[in-house]
1. Report the extension gain between Ser252 and Asn206 in nm, rounded to one decimal, defined as 0.36 nm multiplied by the number of residues separating them, less their alpha carbon distance.
2. Computing the accessible area with a 1.4 Å probe over protein heavy atoms, can you report the carbon and sulfur percentage for the chain?
3. In nm, to one decimal, how far is the modelled label at Arg33 from the one at Asn15, with both set 7 Å along Cα→Cβ?
4. Residue separation times 0.36 nm, minus the C-alpha to C-alpha distance between Gln198 and Leu87: what's the value?
5. Between Lys275 and Thr226, what is the FRET efficiency for a Förster distance of 41 Å, r being their Cβ-Cβ separation, to the nearest 0.05?
6. Mind pulling up the Rg/Rh value for region 182-292? Radius of gyration and Kirkwood radius, both on Cα.
7. Under a 10 Å cutoff between Cα atoms, tell me which one of Cys16, Cys104, Cys146 has the largest fluctuation in the Gaussian network model of the chain.
8. Going by Cα centres, region 80-119 and region 165-184 are how many Å apart?
Amino acid sequence: MYDFCDLQYTDEHQNCIYYTNATPQNLLTRTLRKGAYMTLKENDTNTLIFILEGSITSDIARYKNVTVNEGEFIFAENGNEMLIKALADSTIIWAGVKGQMSLCNEYSFKDLMAYYKKNKRRLGKETEPFKLPINHILRKELESTCDTLNKGMLCAHYQKLKINILLMLLRAFYTKDDLVRLFRPILNEDNEFKHAVQAAYNDQLNVQELMTALNLSESTFNRKFTKVFGMTAGKYITRRKKDQVLRYLLFSDLSEKEISEKFKFTPGYIVKFSKNHFGKTPSELRAEHETE
């Protein structure tokens, strides 16, 4: 007698072109030990992050060291390369949505944006990333999803359907005010400039080169950048560089020299950069990560 919860015909599933060995995975679950890192690099993907157990911290857009605790979820818009650190043993579900998002067939994000514009003064300004509690209905759906993914059901169609269900549950059981606060990063009118910056950015750009790539005067560039990102372009580039250096140190086989060349660091500067930003040398960071 076979277990009705075991994935059947595994070879057929894994050889399908819609399985995630050939298709980017848009829905995944991860279990992290305390102190461990995971990286999310999806420049064209809006992301919902659900914490089923534990607690995590990450920089999200302009906000540093954002903590999300067990039973909460948060939204990160596309262009955010997230490096997540577990503050406790944690179980995470990541749902990525590419292209146009819709909460259900009859209520799109354009409708939510119209509601936001109508109620903008009452809803106030964004002061931090907005976190929502996972209600018991959403938790059951997430736990079922987690179990199914862990059994190896990685079909792209399944992932798309599940993400649509999760969005429908948000539409059904959370208020429009809460949804506006959650999704506010993609409801603003400045997204065109933000996406242009994210598209032009690469590991080696400095502020002047980024300004030139966008074909803007210094005053216009600085004004728009500070308004949209809530920080100067210099701080933005430093933060992105910090996250990327740490990602290469922890999740790649590149040598310190190769990473230095990638970021145009002078010889030996990567050690100083690492100690300034992470409090440890590259060798210490890698050794610590390997033991987790």
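1. Answer, rounded to one decimal: 14.2 nm.
2. Of the solvent-accessible surface of the chain, carbon and sulfur hold 50 percent.
3. For Arg33 paired with Asn15, the spin-label model returns 3.8 nm.
4. 37.1 nm
5. Details: r = 29 Å, r/R0 = 0.71.
So, using R0 = 41 Å, E works out to roughly 0.90.
6. Working: Rg = 16.4 Å, Rh = 15.7 Å.
Taking Rh as the inverse mean 1/r over Cα pairs, Rg/Rh reads 1.05.
7. Top of the fluctuation ranking is Cys16.
8. First find each Cα centre; the distance between them is then 9 Å.
The values are calculated or read from the model by the stated rules, or taken from the named source; none is laboratory data. These numbers come from a predicted model, not from an experiment. Backbone-built Cβ (ideal geometry, glycine too); neighbour counts: all protein chains shown. We work out accessible area using only protein heavy atoms, side chains counted, and drop any ligands, DNA or RNA first. Shrake-Rupley method; radii C 1.70, N 1.55, O 1.52, S 1.80 Å.
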